[in-house]
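Just so it is clear, none of the values below were taken in a lab; they were calculated from the coordinates. All figures in this text were calculated on a predicted structure; none of them were measured in a lab. Cβ placement follows ideal geometry from the backbone for every residue including glycine, while neighbour counts extend to all protein chains displayed.
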Amino acid sequence: MKLSIITVTLNRCDTLRDAIESVLSQTVPAEHIIVDGGSADGTMELVRSYGKRISRSISEPDQGIYDAMNKGIQLATGDIIGILNADDFYRHPRVLEYVLNEFEKEGIESVYGDLEYVDFKRTEKVVRTWKAGHFHPKDFLRGWMPPHPTFFVKKSVYDRYGLYRAHFSSAGDYEMMLRLLYKYRITAAYLPEVLVRMRTGGVSNRSLWSRLAANAEDRQAWKVNGIRAPFYTTILKPLRKVGQFF
C-alpha cells in the first residue's frame, strides 16, 4: 500500500523544514504533498529547494485550513492518507513503517497513536502528552477524540464518506473523526506510542474566547451529522486535556 502525507501551510517557513525532514527520514517512502495558502515568507522557495523529493506542491489562496486539506486529499494518489501540519513532525523515522504494518492487518480502515505537545522553539521539551488509548465509539460521548495529526485513513474511506467540511474554522478535524469513527463506525487500530510531536500554540487554544468558539463548533459537529450528544460531551472534551499535563 502507498502512503500519502499532506502538509498544509501558510507563512510557516520557520517550522515547515522540520515537517518535511521528518517525512523524508522515514524508513518507508511516502508521497508528500505540500498545500500552501499563498505564503509570502519564502515558504515556496523552501519547498522548491527540495526538488523532486517533494512529490507535489501547490500555492494558491484557499478558504481555510480544511479547504487546504481537501485539496491535498484530492491530489493524493496513495491508498492511505495522513495529515501532518507545518508545525508538526514525526517522532522517529519508523512511524510510517509502524502505521503501514497496522494497515496490513485485515479490515483496518484507520490508524492513530499518541502525540506530544512540545515547546515552540525548544522542541525537545515536552509540555504535555496526549495518550489516546483504545477506541470505543461511546468514548466520543465522554469527550474523547484521537489526536488528528496521528490519524491515518484509507483514501477509499474519504471517497465513501466525504472530505472535511471547509466552513469549520477549528473543529473540522473533530467533525471528520466523529463522522468516520462514531457515525459510520469505520474500523480503527491504536498504536500505543508517540507518533507525532506538535508545537504548542494551536488555533483553538490561544485564548478563552477561541476556546469558547471551538466549543461551539464542537457542538455544531454533532448537529451537522444529525446526531445528538449529551449536554456534558462538549464540556468534557476540553477537560480531558487536564490529564495530559501529568
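Of all aspartates and glutamates in the structure, those lying under 18 Å Cα to Cα from Lys154, and not within fewer than 8 positions of it along the same chain, are Glu31, Asp79, Glu97, Glu102, Glu104, Glu106, Glu109, Asp173, Glu175.
Annotation: amide H of Ile83 within the under-5 Å range of Ile6, Phe151, sequence separation 5 or more or interchain, hydrogens built in the peptide plane.
Of the GluC sites (Glu not before Pro) found in the range 74-120, those in coil by DSSP whose Cβ has at most 12 other Cβ atoms within 10 Å are Glu104, Glu106. Close amide H contacts of Phe120 (hydrogens built in the peptide plane, cut-off under 5 Å, sequence separation of 5 or more or a different chain): Thr200.
Taking the Cα centre of the range 3-245 as origin and assigning +1 to Lys and Arg Cβ atoms and -1 to Asp and Glu Cβ atoms, the resulting dipole is close to 780 debye. Counting neighbouring Cβ atoms within 10 Å and putting the fewest first, the residues His134, His92 line up as His134, His92. Residue by residue, the range 115-123 carries 3J(HN,Hα) couplings of 9, 10, 8, 10, 4, 4, 9, 9, 6 Hz when phi is fed to the Karplus relation 6.51 cos²θ - 1.76 cosθ + 1.60 (θ = phi - 60°); x denotes Gly or Pro. The HN-Hα couplings worked out from phi for the range 184-196 by the Karplus form 6.51 cos²θ - 1.76 cosθ + 1.60 (θ = phi - 60°) are 9, 6, 5, 7, 9, 10, 9, 9, x, 7, 6, 9, 9 Hz, whole numbers, x standing for Gly and Pro. In this simple spin-label approximation, Thr77 and Thr187 carry label points 7 Å from Cα along the Cα→Cβ vector, and these lie 2.8 nm apart.
Using 0.36 nm per residue and subtracting the Cα-Cα separation, the extra length available between Asn225 and Thr129 on full extension is 31.6 nm. Here the 3J(HN,Hα) profile of the range 135-144, calculated from phi with Karplus coefficients 6.51, -1.76 and 1.60 at θ = phi - 60°, is 9, 9, x, 5, 4, 4, 5, 9, x, 7 Hz, Gly and Pro shown as x.
Secondary structure note: in the chain, about 35% of the DSSP beta bridges are antiparallel. Out of these labelled values of volume of the Cα convex hull per residue in Å³, (i) 130; (ii) 119; (iii) 164, which was calculated from the coordinates shown here? Answer label, from the structure shown: (ii). Spin-label model, Ile235 to Arg56: label points 7 Å out along the Cα-to-beta-carbon direction sit 4.6 nm apart.
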